[in-house]
Ligand SMILES: [Zn+2]
């Protein structure tokens, strides 16, 4: 084994720990607070936290914490051997950003403004290196325009649904499928991917989301947990868009096989 592999191994571990830490504290305290148990909120000493020890009340660390570490180390080793166009180092910053947005959106249905602002700067840097300034700016504008169109379609749809429910004398909820955070996220991905690739990124994200939802629905049907409300489960779109952008940036050869 190449001794230099110790570098991506350690970098992957560090980025994975950072994603776990920020994913644990940012949605709760909105600051770089001390790590705390995700179950009971008790503070955990830094050393115990880093060693993946359970909290004082015996609550074990989440499955996500383990999966994040395994995934980030794996992708770090891969990117070290087959660096993306933006290079290994910037690639790992992108992985950290993607991982954090993915985890927080999945667990809290939330895309935080500080991560969005960080994403804007990261997106511009990544985009310029990958595609140049013009494609980057048009990619960002394209992502914004596509998502605003979806956003207002969604608002229209939920108003129609609410009116229908009210007409039938039922309670209407005001849950929106797409949030402002999703719109900003796809703008960031548009900067990274550039125009016109952001089109492909959004379409692939929607397809991945559709496939996962279908599998989830089948699973609910098979296990007998399906109910009328199942179709109204809120789907966070962020993780799907991130998955598609991740594939385009880190596995361009694989993705180009899918394109005509
Ligand atoms: Zn606990």
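The values are calculated or read from the model by the stated rules, or taken from the named source; none is laboratory data. Quick caveat, the model's predicted, so the values are computed rather than measured. All Cβ positions, glycine included, derive from the backbone under ideal geometry; neighbour counts span all protein chains shown.
For segment 54-69, how many residues are free of Cβ contacts under 8 Å to residues at least 40 places away in the same chain and either in a helix (DSSP H, G or I) or under 16 Å from residue 17 (Cβ atoms) (or both)?
Going through segment 54-69 one residue at a time, the tally reaches 5.
Only one of these conditions is not met by residue 86: (1) touching a residue at least 24 places away in the same chain (Cβ under 8 Å); (2) part of a helix (DSSP H, G or I); (3) more than 16 Å from the ligand (Cβ to nearest atom). Which number is it?
Among (1) touching a residue at least 24 places away in the same chain (Cβ under 8 Å); (2) part of a helix (DSSP H, G or I); (3) more than 16 Å from the ligand (Cβ to nearest atom), the lone unmet condition for residue 86 is (2).
Quick one: would you say residue 75 is away from the ligand (no atom under 16 Å from the Cβ) and in contact (Cβ under 8 Å) with a residue 24 or more places away in the chain?
Here the answer is yes, as residue 75 does meet what is asked.
Yes or no: residue 251 modelled with pLDDT of 90 or more, surrounded by 10 or more Cβ atoms within 10 Å (Cβ to Cβ) and more than 20 Å from residue 107 (Cβ to Cβ)?
When the stated conditions are applied, residue 251 passes them.
Among the listed residues 133, 178, 156, which satisfies the condition of being more than 23 Å from residue 67 (Cβ to Cβ), free of Cβ contacts under 8 Å to residues at least 60 places away in the same chain and touching a helix residue (DSSP H, G or I) at 6+ places or on another chain (Cβ under 6 Å)?
After applying the criteria, what remains is 178.
I'm checking my understanding of the structure. Among residues of segment 210-230 that are part of a helix (DSSP H, G or I) and loosely packed, with under 10 Cβ neighbours inside 10 Å, which one is modelled with the highest pLDDT?
Selected residue: 222.
Could you tell me whether segment 70-89 includes any residue that is at pLDDT 90 or above, out of contact with any helix residue (DSSP H, G or I) (no Cβ under 9 Å at 6 or more places or on another chain) and over 24 Å from residue 125 (Cα atoms)?
Checked segment 70-89: no residue is at pLDDT 90 or above, out of contact with any helix residue (DSSP H, G or I) (no Cβ under 9 Å at 6 or more places or on another chain) and over 24 Å from residue 125 (Cα atoms).
So, in segment 1-53, exactly how many residues are assigned to a helix (DSSP H, G or I) and either under 23 Å from residue 114 (Cβ atoms) or more than 13 Å from the ligand (Cβ to nearest atom) (or both)?
Total meeting the criteria: 31.
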